[in-house]
Amino acid sequence: MITVKEVKRSLLVSLWFVFLTFPLMVIKVNPFERTVSWRWSNMVYVAIGTFVISLLAKAWFVRKENRLSRQQEDSCRARTPIIQRILQRPGYRYPLAAFLLGAALVFPHIFSTYQANIMTTALMYIVLGLGLNIVVGVAGLLDLGYVAFYAVGAYSYALLNLHFDLGFWTVLPIGGLLAALFGVLLGFPVLRLRGDYLAIVTLGFGEIIRLILENWNAFSKGPSGISNIPRPGFFGLEMSLDQAMIYMYYLMIGLLLVTIFVVNRLQDSRLGRAWLALREDEIACQAMGIDKTRTKLIAFSLGAFWAGLIGVIFAAKTTFVNPASFTFMESAIILSIVVLGGMGSIVGVILGALILVLLPEYLRALSEYRMLAFGAILVAMMIFKPEGLIANVRRVYCYKGKKSNTSLKNDE
Amino acid sequence: MMNKSILEVNGLTMDFGGIRALDRLDLDVRPKEIVALIGPNGAGKTTFFNCLTGIYLPSDGDIRLVSPQTGKQSRLNGLKPNKITKKGVARTFQNIRLFSQMTVLENVMIGTHCRTRSLILGAILRTRKTRKEEQETIDKSYDILEKVGLSEQANEFASNLSYGAQRRLEIGRALATEPFLLLLDEPAAGMNPQETADLVTLILQIRDEGHAILLIEHDMKLVMTLSDRIIVMDYGKKIAQGTPAEIRVNRAVIKAYLGEDVGSDNA
């Protein structure tokens, strides 16, 4: 399968990498002792490592091409990835869902509160990912300022609590709605923009919100932030810190389930189809009678709504907000979750969030290389699986009596 | 006039900077009529379609639509494309613009969008009304697919269809918006003779169901067999109109297509 030509190519690749990484990996200068040590063994590792990886990648591509050529004649159903096929079978789907739910429910009792806390963060990112997925994955509007809505939610809880003493449960919907309102506010000026231009404007919007929070001291207390935000209450019950964390965890599980339910139904509806059509071709979409303005604004505001909800929860969880939590990096991570998981696919986004949030947590030992690994994973994904971990599969509909054996099947 | 016009265009002008793409064009379409718009490349035919469907805002002139059902008259200038579609004008595109990553059936279902209503709450709660509407949408879309001969490929991605099938799907998608006037922009482009013959049957069938059709086409055989009337354009102006037989012998048309007839000048 692997020819001499490919081996030669890999050899060249590894030589090139040795050359590129030479100053970084081999030369080590000690400025105090004024000595230079040459770590030749590193060079050998780099050479062997890149050689093997390049060969493996080549073999993978060859296999993929073979598979593609074999599948050329098959219909779109045949290309369904294996996870999707499992999920589409009601026989597997419900037991699997029940198992996952059960595992999620007992999780904080088996593992430590610390683990539950990390899991809560992961769940928050899943919901954020699902919200952004509406905007980016389904409606195809590249939004790089998503964190702005997250900030709106967090600050609305912090400020409303500070000034008006409003509780968590009152502010939760208010935060969501305020964020949705900001979504519409951002949506209006960018209605005509698409792709790169939209990305730049939304990026700017995200930064504007953060800078306002940072500099308008009278309003937001500036960089020092707002502290002593109360945790969510449970019918006035007193809770210890541990209990409060576990309560938070269950709260997130609940919110996640609601989110999945709602997002799934939205995607599989008249509105969801309009979003997809908008992503595919804006002009054709309008010519088919879809109101572009309204559809885009709904996408923006619904996406922002979830960010607002999670913002409120974030403020309640950490009991402290300051502008440093809402940098562009957050937007980038949420966007990576959507892209890594698979645009438009709910299962994909869940998986993407778990990978991107949990891996760095558990690989703390390698924390120095975290950003390096992050970048490498994303680059590798774009090369090997541009459609994401789990690509979205279109729904198969059934028609009156004509093909009644194909029951209603969902894409998730 | 036996029938009242459903589309009246008066003095339509479209300028792109210094270039006049449409020059005081007059045109009318009557119910259940097939009108062909022909002319050399760059004559302004597609520009005319884009003005009609709201993609361009005309510089001058009037486009009026009269609904054959209600007799209500409305001016189309300056309306958004989706409003015009809702009023009963649907179109296909010269360079196919399907939603390629959606299934064939979903493409047609998109067409029903302007005739259905459910929104966020309906989608989340999935009320009885929404479910009924969804099922009606699916059934109606499937019927349209059967009409255009694509029901077998209903669950394929639109991008997997052959070229001719994609053109037919565009027509199906346009039909799903329930238009009384259908605009076809080069529907036979790139089709083989068999596909073109099927297309003629399809267009006649659509006409018989009560839709008026305005089409741009370069395939003269198709134009001559299908059309009730032909309008010839050149450099944004209407240079001739009439029945196929009249157009065939019209000197201005021959001149526009073939250049000055040198032989007859010498004679």
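The values are calculated or read from the model by the stated rules, or taken from the named source; none is laboratory data. Every value quoted in this text rests on a predicted model; they were computed, and no experiment measured them. Cβ sites come from the backbone with ideal geometry, for glycine too, and all protein chains shown count toward neighbours.
Report yes if some residue within the stretch A:202-214 is of a type in the set (Lys, Arg), surrounded by 15 or more Cβ atoms within 10 Å (Cβ to Cβ) and touching a Pro at 6+ places or on another chain (Cβ under 6 Å); otherwise report no. Yes, the stretch A:202-214 has at least one match.
Pull up the stretch B:75-92, narrow it to residues that are in contact with a helix residue (DSSP H, G or I) (Cβ under 6 Å, 6 or more places away or on another chain) and either more than 25 Å from residue B:187 (Cα to Cα) or among the β-branched types (Val, Ile, Thr) (or both), then point me to the one that is nearest to the other protein chains (Cβ to nearest Cβ). Ranking the candidates gives B:85 first.
Go through the residues of the stretch A:183-195 one by one and say whether even a single one is modelled with pLDDT of 90 or more and buried (at least 18 other Cβ atoms within 10 Å of the Cβ). Scanning the stretch A:183-195 turns up at least one residue that is modelled with pLDDT of 90 or more and buried (at least 18 other Cβ atoms within 10 Å of the Cβ).
Hey, among A:22, A:17, which residue is among the hydrophobic types (A, V, I, L, M, F, W, C), exposed (fewer than 14 other Cβ atoms within 10 Å of the Cβ) and assigned to a helix (DSSP H, G or I)?
A:22 is the lone residue from the list that is among the hydrophobic types (A, V, I, L, M, F, W, C), exposed (fewer than 14 other Cβ atoms within 10 Å of the Cβ) and assigned to a helix (DSSP H, G or I).
Being out of contact with any Asp or Glu (no Cβ under 9 Å at 6 or more places or on another chain) and surrounded by 20 or more Cβ atoms within 10 Å (Cβ to Cβ) is the filter here, so list the residues in the stretch B:20-49 that pass it. B:25, B:47, B:48 - these are the residues of the stretch B:20-49 that are out of contact with any Asp or Glu (no Cβ under 9 Å at 6 or more places or on another chain) and surrounded by 20 or more Cβ atoms within 10 Å (Cβ to Cβ). Can you pull out the residues in the stretch A:277-315 that are under 24 Å from residue B:89 (Cβ atoms), within 10 Å of chain B (Cβ to nearest Cβ), part of a helix (DSSP H, G or I) and not acidic (Asp, Glu)? Once the filter is applied, which keeps residues that are under 24 Å from residue B:89 (Cβ atoms), within 10 Å of chain B (Cβ to nearest Cβ), part of a helix (DSSP H, G or I) and not acidic (Asp, Glu), the stretch A:277-315 yields A:277, A:278, A:283, A:284, A:285, A:286, A:287, A:292, A:293, A:294, A:295. Checked against (1) buried (at least 23 other Cβ atoms within 10 Å of the Cβ); (2) over 21 Å from residue A:271 (Cβ atoms), residue B:105 passes all but a single condition, namely (2). Evaluation of residue B:139 against the conditions (1) part of a helix (DSSP H, G or I); (2) surrounded by fewer than 20 Cβ atoms within 10 Å (Cβ to Cβ); (3) more than 7 Å from chain A (Cβ to nearest Cβ) shows that the sole unmet condition is (3). Could you check residue B:193 against (1) over 19 Å from residue B:45 (Cβ atoms); (2) in contact with a Leu (Cβ under 7 Å, 6 or more places away or on another chain); (3) of a type outside the set (Val, Ile, Thr) and say which number it fails? Going through (1) over 19 Å from residue B:45 (Cβ atoms); (2) in contact with a Leu (Cβ under 7 Å, 6 or more places away or on another chain); (3) of a type outside the set (Val, Ile, Thr) one by one, residue B:193 breaks only (2). The residue that is nearest to residue A:136 (Cα to Cα), counting only those in the stretch A:183-207 that are aromatic (Phe, Trp, Tyr) and part of a helix (DSSP H, G or I), is A:197. Within the stretch A:272-297, the set of residues being more than 15 Å from residue A:191 (Cβ to Cβ), without any contact (Cβ under 8 Å) to a residue 12 or more places away in the chain and not charged (D, E, K, R) comprises A:284, A:287, A:288, A:289. Taken over the stretch B:156-190, the residue count meeting the criterion of being free of Cβ contacts under 8 Å to residues at least 12 places away in the same chain and either out of contact with any helix residue (DSSP H, G or I) (no Cβ under 7 Å at 6 or more places or on another chain) or away from every other protein chain (no Cβ under 11 Å) (or both) is 1.
The residues in the stretch B:37-56 that are more than 14 Å from chain A (Cβ to nearest Cβ) and either assigned to a loop (DSSP other than H, G, I, E, B) or not aliphatic (A, V, I, L, M) (or both) can be counted, and the count is 9. Considering only residues in the stretch A:253-271 that are within 7 Å of chain B (Cβ to nearest Cβ) and touching a residue at least 24 places away in the same chain (Cβ under 8 Å), the one that is surrounded by the most Cβ atoms within 10 Å (Cβ to Cβ) turns out to be A:271.
Determine whether the stretch A:336-359 contains at least one residue that is surrounded by fewer than 15 Cβ atoms within 10 Å (Cβ to Cβ) and part of a helix (DSSP H, G or I). Spell out the reasoning first.
Here is the first cut: in the stretch A:336-359, the residues surrounded by fewer than 15 Cβ atoms within 10 Å (Cβ to Cβ) are A:359.
Checking which are part of a helix (DSSP H, G or I) leaves us with A:359.
Yes, the conditions are met somewhere in the stretch A:336-359.
Filtering B:122, B:111 for residues that are free of Cβ contacts under 8 Å to residues at least 60 places away in the same chain and not β-branched (Val, Ile, Thr) leaves a single hit, B:122. Could you go through the stretch A:320-328 and let me know if any residue there is more than 30 Å from residue B:155 (Cα to Cα), of a type in the set (Val, Ile, Thr) and modelled with pLDDT of 90 or more. Scanning the stretch A:320-328 turns up at least one residue that is more than 30 Å from residue B:155 (Cα to Cα), of a type in the set (Val, Ile, Thr) and modelled with pLDDT of 90 or more. On inspection, residue A:238 fails the criterion of being touching a residue at least 12 places away in the same chain (Cβ under 8 Å), of a type in the set (D, E, K, R) and either assigned to a loop (DSSP other than H, G, I, E, B) or away from every other protein chain (no Cβ under 14 Å) (or both). On inspection, residue B:68 qualifies as within 15 Å of residue B:5 (Cα to Cα) and either within 14 Å of another protein chain (Cβ to nearest Cβ) or in contact (Cβ under 8 Å) with a residue 40 or more places away in the chain (or both). Residues in the stretch B:93-133 that are more than 7 Å from every other protein chain (Cβ to nearest Cβ) and touching a strand residue (DSSP E or B) at 6+ places or on another chain (Cβ under 7 Å): B:94 alone. Taking the stretch B:108-133 as the range and being assigned to a helix (DSSP H, G or I), in contact with a Leu (Cβ under 8 Å, 6 or more places away or on another chain) and buried (at least 17 other Cβ atoms within 10 Å of the Cβ) as the test, the residues that pass are B:108, B:111, B:123, B:124.
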